[in-house]
Amino acid sequence: MHPHTVPAVIGTRDRIPDGGRPFLLTMPSSPAAPKLARDFVHAVLRRTALSPLCDTAVLLTSEAVTRSHLRTPATADILLRVLTAPRGLHISVHDSAATPVRVPGTPRPEQPADLGLLLLTRLAGHWGTAPFAGPPRSGSLWFELKVKGGPDQ
């Protein structure tokens, strides 16, 4: 799948679907942030009908939060949003970094390829980036996963 860049602030993608539930976690941009995010997603999904998605969701969340931590100063916060639905979920990671998210296959010459975005490309049903309705330069990386046999499959 190719990433989708949304030209406006987060909108329709973050609406709570029928039967869905939102879960939010705000954490400081620290080396502990990816583990906090992994534990949070695992706790949300482990005893639900979405548990088959747990390992993939934890991995992709860890990659997205690590990316945010590496892009933001220690004084910044990272917001993790998990929206569950009966047959899938939407996870987004918001930060206020000055560096835009890069599309896989277009690394800067002085930087290695972004393996986290390559994982998103391979494992997520859909993913993309968007500006976030927060401080200037705020950004969001989001992805969606669906349970096999769910709608649109």
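Using modelled amide H (1.01 Å from N, peptide plane; none on Pro or chain starts), what sits under 5 Å from the amide H of T48, excluding residues fewer than 5 places away?
For T48, whose amide H was placed from the backbone, there are no distant partners under 5 Å.
So what are the ³J(HN,Hα) numbers for segment 41-46, from phi and the Karplus equation (6.51, -1.76, 1.60; θ = phi - 60°), rounded to whole Hz, Gly and Pro as x?
5, 4, 5, 5, 9, 4
Between T56 and D77, what's the calculated FRET efficiency when r is the beta-carbon distance and R0 is 30 Å? Round to 0.05.
Calculated transfer efficiency: 0.75.
Extension gain H42-L24, at 0.36 nm per residue separation less the Cα-Cα distance, in nm?
This chain segment gains 5.1 nm when fully extended.
For F40, F23, what's the fewest-to-most ordering of other Cβ within 10 Å of each Cβ?
Fewest to most other Cβ atoms nearby, the residues stand as F23, F40.
Computed from the coordinates by the stated procedures, all read-outs in this text should not be read as laboratory data. In this text the structure is predicted, and so the values were computed from the model without any measurement. Virtual Cβ from ideal backbone geometry, glycine too; neighbours counted across all protein chains shown.
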